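Below you'll find the structure, written out as structure tokens, and then a few comments.
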Amino acid sequence: MRKGSKARQQNTKILSFVPTGEYYFHKGMKAYQRRELMKSKKYLHRALQLEPLEPMIACQLSIVYTEIGEYKQSNELLHTIVDDLDPHMIECHYFLANNYAHLGLFKEAYKHVSTYLEKEEFGEFSEDAEDLLELLELDSDDPLEAVYEQDELIVKQEKARELLESGNFQRAVDLLQTIIQEYPEFWSAYNNLALAYFYLGEVQKATDTLEEVLEKNPGNLHALCNTAVFYFYQKRNDELDELVKGLEKVRPMLQEHRYKLGATFALIGQYEKSFTWLKALQKQGFEGDNSFNYWLSHAAHHTGHTQTAQQAWNRVLKETPEKEGMEPWSSEDHHPDGFENHTPSILKKLKSEYIEERLFGLFLISVSQNPKEILTHADFRDIEEFSLMEKLYLAEILEANARKEFKGSNEIKLIHETAKILYQQHHPIGAVDSGLFLTWFATGYRGLKEGETFQNTKALAAATEFVWSRLRSAKKTKKEISALYQISTSTLNKYIGIIETYLP
């Protein structure tokens, strides 16, 4: 250190700099003007975290989401603005209309563009809105009823798909049953219902559902492919081999059906057959949804087409960056972790519209190897958006991690302790096991709301597993469950009644 530096150091005043929402907003706008959209998204997201009630920040972030094709995220922000933050930002209705049009939800697009023109007849986007309205009304005397009557079906189908992907199988079953009642010849709903039943362990119901499809719609390729998947997981190899021989002879005309065949062959480990179908589709310019690249990457990897596998996986990550670390080649050297050590999955659950998923997400933080990474992540949900129960639960988790003890709500503590007991028996947590935890958090939440004073955590865990196993048609007796959790059968019976009282 040079002479005199100590004196200068003593006289120096260090000014701390705490970035504000406005600071990040301006950085986000500069990045947007340079067309650095991912940087803009990052800065604007941080700005909104710091100033969650500022509609201008939310609106600009929604525009960036739209430009990078994340229409759903954009719509969530826009609805927050018009419903809560600033209903007078009428331009948000025009942005919503554009997004819904891109998503193919034309009835919603029509509704919002009409709202915009009604309130801003000579607004900034009025000419563009008129053009969009004209396009939506093209060749239709009654656009709301004649052209867009399937919008509601599309929305429900997408919701059912999200429930399946998140492991909320029972809710998926309930929604799909409703769709089938309203649209009795919508075979896609039957096939998804069969998958939901299968994931719940209700194999007979899954089989009966597929048989119903094949009886009413003979040769339904999706039903045949799903049957092959069921045979594969049940290790019914002779029946699977026979069905595969039949599927090998199928030469579908529709690209969607060719993709289904290719994805099914990949899922059951028939990678050569899968690669033949999927690579041919790619050469024809078929894009499909993001799962197309997922299965193409797997098929290519297992057949030695390394470059194709890497290129396909890069496209997967572009659409779903949370899948980083889940490459088909990464699982060969180690056993894949469960949800508890996959940060993107936890962050997604924390933003779910279902309280049991959010509570499950908080629990996953408590058993994760990377709690600091999750809590400090840019996409971690703003604390102010949590309900009181979620805030209390998060406080309990943080206290538990810091002091290995709990203070605060005894009921919250018992809910968490019960989940920890379940975790001792079921870890790492995969897609199927997540249903067990969702069952407990849904039950615990309802019980807490209705004033239930939970007591015996072992008995609660045991009863939850028994009820969950019964829903899945798993062959677990009360005697086995009682022994596993070291309680008496009479105690188990008592607590099964409590769990059943508060089942969703």
**Request:** Counting other Cβ atoms within 10 Å, keep those with at most 13, restrict to DSSP loop, and tell me which GluC sites (Glu not before Pro) in the range 44-92 are left.
**Result:** none
**Message:** Out of all Cα-Cα pairs in the range 214-273, roughly what percent, to the nearest whole number, are more than 17 Å apart?
**Reply:** 32 percent
**Prompt:** Can you pick out the pairs among Lys72/Lys349; Lys42/Lys420; Lys348/Lys479; Lys41/Lys413; Lys283/Lys318 whose Cα atoms lie more than 26 Å from each other?
**Reply:** Lys42/Lys420; Lys348/Lys479; Lys41/Lys413
**Asked** Which of (1) -0.38, -0.49, -0.75, -1.04; (2) -0.49, -0.64, -0.99, -1.36; (3) -0.57, -0.68, -0.89, -1.15 is the computed log10 I(q)/I(0) by the Debye sum over Cα atoms at q = 0.07, 0.08, 0.10, 0.12 Å⁻¹ for the structure on display?
**Response** (2)
**Request:** Express in whole angstrom the spacing between the alpha-carbon centres of the range 269-289 and the range 23-80.
**Result:** 36 Å
**Request:** Please calculate how many Å² of accessible area the chain carries per residue, with a 1.4 Å probe and no DNA, RNA or ligand atoms counted.
**Result:** 54 Å²
**Request:** Would you work out the relative contact order for the chain, in percent, from Cα pairs under 8 angstrom that are 6 or more residues apart?
**Result:** 8 percent
**Request:** Give me the lysines in straight-line cross-link reach of Lys205: C-alpha distance below 16 Å, same-chain residues under 8 apart excluded.
**Result:** Lys475
**Request:** Would you mind checking the radius of gyration and Dmax of the range 14-85 based on alpha-carbon positions, in Å?
**Result:** 12.4, 44
**Request:** Report, in deg cm²/dmol and to the nearest 500, the calculated mean residue ellipticity at 222 nm for the chain, where each DSSP H run with n ≥ 4 adds -39500 (n - 2.57) and the sum is divided by the residue count.
**Result:** -21500 deg cm²/dmol
**Complete:** Counting all Cα-Cα pairs in the range 212-326, those more than 23 Å apart amount in percent to 31 percent
**Asked** Taking the highest mean first, how do the peptides 385-391, 421-427 order by number of other beta carbon atoms within 10 angstrom per residue?
**Response** 421-427, 385-391
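The values are calculated or read from the model by the stated rules, or taken from the named source; none is laboratory data. Not measured: the values here are computed from a predicted model. All Cβ positions, even for glycine, are placed from backbone atoms using ideal geometry, and neighbour counts span all protein chains on display. Ligands, DNA and RNA are excluded from the accessible area calculation, which covers all protein heavy atoms including side chains. Shrake-Rupley method; radii C 1.70, N 1.55, O 1.52, S 1.80 Å.
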